[in-house]
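What follows is a single structure, written as structure tokens, with notes after it.
The values are calculated or read from the model by the stated rules, or taken from the named source; none is laboratory data. Everything quoted here is computed from the prediction, not taken from an experiment. Please note: Cβ atoms are built from the backbone with ideal geometry, for glycine as well, and neighbour counts cover all protein chains shown.
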Amino acid sequence: MDVDKYKQIILMVLGVVFVVGLGFLAVRSNNSIPKQEDDLPNTVNTDTGKPVNPTDSTVQFNQKFDLKINDSVSFSDGLNVVLKKIDDSRCPKGVQCIWAGELTGNFAVSGGKMSKNQEIYLGTMTNKSVTLDGYTFSIKDATATNISILVDYKNVPVSLGSCYVGGCSAEICSDQPNAMSTCIYRKEFACYKTAKCERQKSNQCGWTETPELTACLSN
């Protein structure tokens, strides 16, 4: 066999071996990299059975979800809930205790309709539910490492109070009792004697416009 041809065959074989070796190393390296989602803390929604990653996730009101320490969830209105700590005061097995104890979660709540950032405590025996600014936080299940809670929101109507008639000639309708005026009389003030002082559609106190009041003022 020609020496040059023999050298060419040897070089081709070595080239094939080199390419195959590089491919093997690339596949092995790819399989050794852990998937990012496997490194994230996952929980399971106990109602749906579907996995939930609570960190930086959005959950629904009136739907139970699980949290581990330092996990946080957000709601559509901007409310944020973080589980900061779990206290385990349960009586150890084999020990006779006066009180059985409980698991208590310390939560930081902020945003949404909250008037200010607050911390709340929910326990498996006491303080099972807390209501703040229309939000109701309820504990459902708990272990030493995991707490399941539910958050509900009800828009609490604000009491606007009563409307009062004031002024020297009873010509003022406002939400302030004993409102004062300049005491300069005008004949149209007589029309308000039979008018109704109440909150209008704007939620402001005012005289309710009726055909009779409109006709009296126009005359």
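General observations
- Criterion applied to C168, C183 was being of a type outside the set (S, T, N, Q) and loosely packed, with under 12 Cβ neighbours inside 10 Å, and the one residue passing it is C183.
- Candidate set from region 132-143 (those that are among the β-branched types (V, I, T) and under 16 Å from Q63 (Cα atoms)); member that is surrounded by the fewest Cβ atoms within 10 Å (Cβ to Cβ): T136
- Restricting N178, N155, N203, N127 to those that are within 15 Å of F107 (Cα to Cα), at pLDDT below 95 and assigned to a loop (DSSP other than H, G, I, E, B) reduces the list to N127.
- Only one of E209, E119 that is part of a strand (DSSP E or B) and acidic (D, E): E119
- Per-region count, region 158-175, residues of a type outside the set (V, I, T) and not in a loop (DSSP other than H, G, I, E, B): 4
- None of I172, I149 is at pLDDT 90 or above and touching a Leu at 6+ places or on another chain (Cβ under 9 Å) except I149.
- Of all residues making up region 80-109, the number that are within 21 Å of T136 (Cβ to Cβ) and touching a residue at least 24 places away in the same chain (Cβ under 8 Å): 12
- Verdict on A195 being free of Cβ contacts under 8 Å to residues at least 24 places away in the same chain, in a loop (DSSP other than H, G, I, E, B) and touching a Leu at 6+ places or on another chain (Cβ under 9 Å): yes
- Qualifying residue in region 145-155 (condition: of a type in the set (D, E, K, R) and closer than 30 Å to D87 by Cβ): yes
- Among the candidates G123, G112, residue that is surrounded by 16 or more Cβ atoms within 10 Å (Cβ to Cβ) and within 14 Å of I149 (Cα to Cα): G123
- Screening region 89-108 for residues that are hydrophobic (A, V, I, L, M, F, W, C) and in a strand (DSSP E or B) and picking the one that is farthest from N146 (Cα to Cα) gives A108.
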